[in-house]
Amino acid sequence: MERVLIKNTAEYLNKNVKVCGWINNCRSHGKVLFVDLRDKSGILQTVFAGNDKDLYEKALSLRPEWVVCLEGTIKERPKGMQNPKIETGKVEMEVEKMEVLSKAETLPFGIDTDGYEINEEKRLEYRYLDLRRKRLKKNLIGRNEIIYFIREYLKKEDFIEIQTPLLSKSTPEGARDYLVPSRVHPGKFFALPQSPQQYKQLLMVAGIEKYFQIAPCFRDEAARADRSPGEFYQLDMEMAFVEQEDVLRITENLLIALVKKLFPAKKIKQIPFPRITHKTAMEKYKTDKPDLRNNPEKNNSQPCGASHDELAFCWIVDFPLFQEQTKDDFFHGAGQKLAPSHHMFTAPKKEDIKLLDKDPLKVRSCQYDLVLNGVEIGGGSIRIHDFEIQEKIFDLIGFTKKEKEYFSHLLTAFKYGVPPHGGIAPGLDRLIRILLGENNIREVIAFPLSGDTRDLMMDAPAEVEKKQLDELSIEIKKSKK
Ligand code: ASP
């Protein structure tokens with residue numbers, strides 16, 4: 001007999017069906033045993049009435065979270081016993097056959113609550129159980145809906161989704177790289193991409209014109225508010241022959257359409273999204289991530305959209321091209337005073353190019369940030385497509401000849417006909433977090449790393465066999481005690 005999903009069982013009134021899933025709970029009422037069965041689609045009340053003694057006895061041993069397969073007749077529940085709150089609340093199954101597919105030990109924590117009250121480390125250690133929780137499953141489904149919508153929308157807009165390599169080269173781009181040793185080329189290393197920035201620019205040289213990717217990005221840096229340590233996902237986009245206005249428009253239209261379709265109850269405070277210059281934002285709000293909601297939630301350490309449905313987007317534009325380098329900047333040109341505000345491929349405003357030598361900190365750039373409810377959800381820029389200006393920026397941030405060589409592929413590519421181009425990369429985890437009304441990005445990621453960059457479920461990072469290190473010609477230094 002073919003399996004029927006629980007949510008569809010009401011269509012099989014007085015018919016015999018088979019359902020499979022996990023035991024949600026068991027309740028014994030005299031000689032009748034009620035067992036709620038759960039699958040990905042819902043919960044069904046099943047009844048073992050005691051007329052088949054063997055079956056009834058066997059059912060008494062059932063425990064929560066066992067995986068079973070039940071066959072029986074779908075019946076209308078007696079009046080007064082119906083539960084209007086769930087889809088299958090009007091029916092129940094009179095079980096005739098049962099097969100136990102696997103037993104389960106008592107779970108380390110309950111999964112029938114929203115889970116906020118449970119120690120997070122425990123939840124991450126047993127994430128596959130935590131994900132059985134209704135709230136988290138709903139979040140994963142919500143995430144999928146958002147990503148699916150984005151893919152469809154951008155395809156209609158003529159974008160091509162292209163996967164760029166994960167094994168790439170370490171280049172001094174701003175954050176610390178994750179390195180991957182090469183076995184075939186001892187002593188050499190790949191790096192995981194901090195973002196597909198250079199690839200997407202090279203795709204513009206390749207004539208792709210409209211690119212996007214749901215891109216994993218890797219940065220070896222401490223957890224930041226709203227960014228997973230280690231890895232996170234971006235909606236990475238790049239377009240040729242565009243100006244700032246075009247990038248803002250396409251991003252804005254995509255987000256408005258997404259909210260209207262998937263979150264109709266939410267209200268976007270202002271359309272078009274207000275644009276605020278960096279200078280005004282700093283003067284007026286003392287931050288480049290202003291929270292423009294009517295009722296920002298002040299009692300949270302992180303701004304969030306959890307308790308009401310207001311979405312206050314805004315653009316911050318006209319950033320300074322450079323900022324003073326801080327000790328957190330991870331530049332090979334360390335010791336230099338200037339660091340790019342966004343990244344080193346960001347174009348200076350045409351009218352400010354003349355200030356590059358005289359007063360670089362005064363130069364404004366074609367960088368734009370998208371802010372939602374006080375959270376920066378993405379940044380982008382129009383890029384430099386002039387070989388000489390790119391070299392000049394490298395000089396200003398203090399790159400040596402050798403450091404410039406890390407980017408020789410890009411500079412070479414720019415000699416073969418590069419269209420003007422620009423893009424943006426909204427951080428998906430944070431956007432999804434706000435849209436789904438969560439306070440923490442880990443709630444919208446299936447298997448997140450902990451705040452101190454560990455996978456508590458897999459127990460990673462972990463030591464490896466000496467043989468593996470030998471193959472890589474790597475020796476681990478004994479740590480000084
Ligand atoms: N690659 C940039 C980042 O990760 C975004 C962009 O400029 O498109 O911040």
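The values are calculated or read from the model by the stated rules, or taken from the named source; none is laboratory data. All of these numbers come straight from a predicted model, not from anything done at the bench. Every residue, glycine among them, receives a Cβ derived from its backbone with ideal geometry; neighbour counts consider all protein chains shown. Just the protein is used for accessible areas: all its heavy atoms, side chains included, with ligands, DNA and RNA removed. Shrake-Rupley method; radii C 1.70, N 1.55, O 1.52, S 1.80 Å.
Listed conditions (1) under 15 Å from GLY174 (Cβ atoms); (2) polar (S, T, N, Q); (3) surrounded by fewer than 22 Cβ atoms within 10 Å (Cβ to Cβ) are all met by GLN367, apart from (3).
Within region 27-34, one or more residues are hydrophobic (A, V, I, L, M, F, W, C), more than 30 Å from ILE141 (Cα to Cα) and either open to solvent by less than 60 Å² (accessible area, probe 1.4 Å) or touching a residue at least 24 places away in the same chain (Cβ under 8 Å) (or both). With respect to the stated conditions, THR73 fails to be open to solvent by 90 Å² or more (accessible area, probe 1.4 Å) and β-branched (Val, Ile, Thr). Within region 221-252, the set of residues being over 14 Å from the mean Cα position of the chain (by Cα), surrounded by 18 or more Cβ atoms within 10 Å (Cβ to Cβ) and among the aromatic types (Phe, Trp, Tyr) is empty. Taking into account only those residues within region 400-425 that are outside any helix (DSSP H, G or I) and loosely packed, with under 15 Cβ neighbours inside 10 Å, which is nearest to the chain's Cα centre (by Cα)? It comes out as PRO419.
The set of residues from region 426-481 being hydrophobic (A, V, I, L, M, F, W, C), in contact with a Leu (Cβ under 8 Å, 6 or more places away or on another chain) and not in a helix (DSSP H, G or I) comprises ALA446, LEU456, MET457, ILE476. ASP352 meets each of the listed conditions (1) open to solvent by 70 Å² or more (accessible area, probe 1.4 Å); (2) free of Cβ contacts under 8 Å to residues at least 40 places away in the same chain; (3) touching a helix residue (DSSP H, G or I) at 6+ places or on another chain (Cβ under 8 Å) apart from (1). Checking each residue in region 382-417 for being within 16 Å of the ligand (Cβ to nearest atom), in contact with a His (Cβ under 7 Å, 6 or more places away or on another chain) and under 25 Å from GLU324 (Cβ atoms) picks out only ARG383. Screening GLU92 on (1) charged (D, E, K, R); (2) surrounded by 15 or more Cβ atoms within 10 Å (Cβ to Cβ); (3) out of contact with any strand residue (DSSP E or B) (no Cβ under 8 Å at 6 or more places or on another chain) shows it passes everything except condition (3). Any residue at all in region 373-381 that's buried (at least 17 other Cβ atoms within 10 Å of the Cβ), over 28 Å from LYS266 (Cα atoms) and within 10 Å of the ligand (Cβ to nearest atom)? Checked against the condition, which is being buried (at least 17 other Cβ atoms within 10 Å of the Cβ), over 28 Å from LYS266 (Cα atoms) and within 10 Å of the ligand (Cβ to nearest atom), region 373-381 yields at least one hit. Pairing residues of region 448-476 that are more than 22 Å from GLU231 (Cβ to Cβ) with residues that are acidic (Asp, Glu), at Cβ distances under 8 Å and at least 6 apart in sequence or on separate chains, gives LEU469/GLU475.
When the test is whether a residue is touching a strand residue (DSSP E or B) at 6+ places or on another chain (Cβ under 6 Å) and open to solvent by 70 Å² or more (accessible area, probe 1.4 Å), LEU167 passes it. Taking the criterion of being open to solvent by 70 Å² or more (accessible area, probe 1.4 Å) and free of Cβ contacts under 8 Å to residues at least 12 places away in the same chain, the residues of region 79-89 that qualify are LYS79, GLY80, MET81, PRO84, LYS85. Inside region 42-70, can you point out the residues that are of a type in the set (S, T, N, Q) and surrounded by fewer than 16 Cβ atoms within 10 Å (Cβ to Cβ)? Once the filter is applied, which keeps residues that are of a type in the set (S, T, N, Q) and surrounded by fewer than 16 Cβ atoms within 10 Å (Cβ to Cβ), region 42-70 yields ASN51, SER61. Meeting the requirement of 2 or more residues that are touching a Pro at 6+ places or on another chain (Cβ under 8 Å), the strands (runs of 3 or more DSSP E) wholly within region 16-72 are 16-29.
The one condition from (1) within 15 Å of the ligand (Cβ to nearest atom); (2) outside any strand (DSSP E or B); (3) in contact (Cβ under 8 Å) with a residue 40 or more places away in the chain that TYR199 does not meet is (3).
Each row is one residue, and each column tells you yes or no for (1) open to solvent by 20 Å² or more (accessible area, probe 1.4 Å); (2) away from the ligand (no atom under 14 Å from the Cβ).
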{"position": "ARG176", "(1), (2)": "yes, yes"}
{"position": "SER182", "(1), (2)": "no, yes"}
{"position": "PRO186", "(1), (2)": "yes, yes"}
{"position": "TYR211", "(1), (2)": "no, no"}
{"position": "ARG219", "(1), (2)": "yes, no"}
